[in-house]
């Protein structure tokens with residue numbers, strides 16, 4: 001049984017593509033492209049049936065897409081549009097930059113502000129963002145909550161572009177006169193899912209119907225090389241379980257049709273100080289790392305960016321609110337693993353069947 005082990009990457013969102021590999025799967029018609037991107041590895045498996053482009057051409061196109069995303073959205077590439085925007089420089093945003101901002105604002109509104117890409121300074125002061133930090137003072141947390149957030153930014157970035165397509169970051173502020181501090185952007189909560197969707201759109205454009213795009217998060221459609229639904233392994237959210245597939249909670253068969261499948265959790269990126277665990281999931285409304293029993297959230301959505309965003313949302317709000325949210329959205333399915341008195345418990349929505357192994 002072919003399984004993809006799904007997990008939220010430890011390493012930050014960074015894109016340099018160092019090299020790629022191309023292999024023909026033993027099953028007829030399927031090709032796998034793999035390489036290094038976004039601070040880790042990526043794998044794209046797809047069916048070549050009916051496709052006129054060569055595998056090499058497709059590989060080069062995927063690499064080109066990942067380089068474009070790096071140039072636009074990476075907070076670790078100092079020359080990216082995002083890094084220069086966060087530094088207050090006038091930039092010329094590309095279609096990716098404008099698109100992800102627009103979608104991030106919709107997510108911000110749909111999650112009542114619990115998924116906020118303009119909360120980057122909060123992650124920085126806690127040491128989980130683009131800068132080093134560790135256990136800030138309550139005063140600094142409060143000040144950062146006030147000065148950051150999508151609440152201070154305009155909904156549509158494209159409306160403030162100059163005639164030449166330039167963007168002055170200060171023009172995006174709603175309250176520039178009252179507070180000129182620019183809320184910095186960090187797309188880590190949605191960027192890997194978004195990248196999967198962009199690559200998938202390219203594959204669709206050349207006629208691919210059967211695909212599995214794995215760039216830290218997953219998008220899949222069609223069938224696997226065995227002609228069956230794609231299968232994904234869900235890791236047990238145990239602190240120190242850093243090897244995907246070494247200790248799994250179960251497997252999930254992705255429903256028919258296009259779906260993004262993303263797991264977010266607090267068991268791989270955290271630190272402990274004076275006996276207290278500080279997880280990388282931060283509530284942008286309070287400014288503090290979350291403290292609740294939800295250990296991981298696997299969300300299935302029509303696309304990978306939506307799954308990515310809502311998996312993060314679940315981890316921010318905790319078990320009960322996450323269940324209410326999933327049950328109120330018929331397009332979503334989810335598996336939530338939580339701690340109850342030191343015992344692992346699992347809640348799955350009606351359409352999410354977790355098979356034991």
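Tabulated results
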{"read-out": "Single unsatisfied condition, residue 162 versus (1) at pLDDT below 95; (2) in a loop (DSSP other than H, G, I, E, B); (3) farther than 30 Å from residue 258 by Cα", "value": "(1)"}
{"read-out": "Options 40, 35, 75; residue that is surrounded by fewer than 18 Cβ atoms within 10 Å (Cβ to Cβ), touching a residue at least 24 places away in the same chain (Cβ under 8 Å) and within 19 Å of residue 217 (Cβ to Cβ)", "value": "40"}
{"read-out": "Selection within region 138-184 - touching a residue at least 60 places away in the same chain (Cβ under 8 Å) and touching a helix residue (DSSP H, G or I) at 6+ places or on another chain (Cβ under 6 Å)", "value": "144, 148, 157, 158, 169, 182, 183, 184"}
{"read-out": "Strands (runs of 3 or more DSSP E) within region 275-345 that include 3 or more residues at pLDDT 90 or above, under 22 Å from residue 192 (Cα atoms) and touching a strand residue (DSSP E or B) at 6+ places or on another chain (Cβ under 9 Å)", "value": "294-301, 333-340"}
{"read-out": "Pair list, Cβ under 7 Å, 6 or more apart: region 203-218 residue within 10 Å of residue 42 (Cα to Cα), other residue in a loop (DSSP other than H, G, I, E, B) and at pLDDT below 95", "value": "215/38; 216/9; 216/38"}
{"read-out": "Candidates 130, 114 - the one that is at pLDDT below 95 and in contact with a helix residue (DSSP H, G or I) (Cβ under 7 Å, 6 or more places away or on another chain)", "value": "130"}
{"read-out": "Among residues of region 105-129, those that are in a loop (DSSP other than H, G, I, E, B) and touching a residue at least 60 places away in the same chain (Cβ under 8 Å), counted", "value": "11"}
{"read-out": "Subset of region 200-215 [touching a helix residue (DSSP H, G or I) at 6+ places or on another chain (Cβ under 8 Å) and either surrounded by fewer than 18 Cβ atoms within 10 Å (Cβ to Cβ) or under 12 Å from residue 305 (Cα atoms) (or both)]", "value": "200, 202, 206, 215"}
{"read-out": "Single residue of 81, 65, 51, 69 found to be more than 19 Å from residue 216 (Cβ to Cβ), surrounded by 17 or more Cβ atoms within 10 Å (Cβ to Cβ) and within 20 Å of the chain's Cα centre (by Cα)", "value": "81"}
{"read-out": "Some residue of region 250-261 being assigned to a loop (DSSP other than H, G, I, E, B), modelled with pLDDT under 60 and at positive phi", "value": "no"}
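One line per residue, one yes/no per condition, for (1) touching a helix residue (DSSP H, G or I) at 6+ places or on another chain (Cβ under 8 Å); (2) surrounded by 17 or more Cβ atoms within 10 Å (Cβ to Cβ); (3) farther than 18 Å from residue 115 by Cα; (4) free of Cβ contacts under 8 Å to residues at least 40 places away in the same chain:
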{"site": "300", "(1), (2), (3), (4)": "yes, yes, no, no"}
{"site": "308", "(1), (2), (3), (4)": "yes, yes, no, no"}
{"site": "311", "(1), (2), (3), (4)": "no, yes, no, no"}
{"site": "316", "(1), (2), (3), (4)": "no, yes, no, no"}
{"site": "337", "(1), (2), (3), (4)": "no, yes, yes, no"}
{"site": "349", "(1), (2), (3), (4)": "yes, yes, yes, yes"}
{"site": "355", "(1), (2), (3), (4)": "no, no, yes, no"}
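The values are calculated or read from the model by the stated rules, or taken from the named source; none is laboratory data. For clarity, every value in this text was computed on a predicted model and none was experimentally measured. Reconstructed Cβ throughout: ideal geometry from the backbone, glycine too, with neighbour counts over all protein chains shown.
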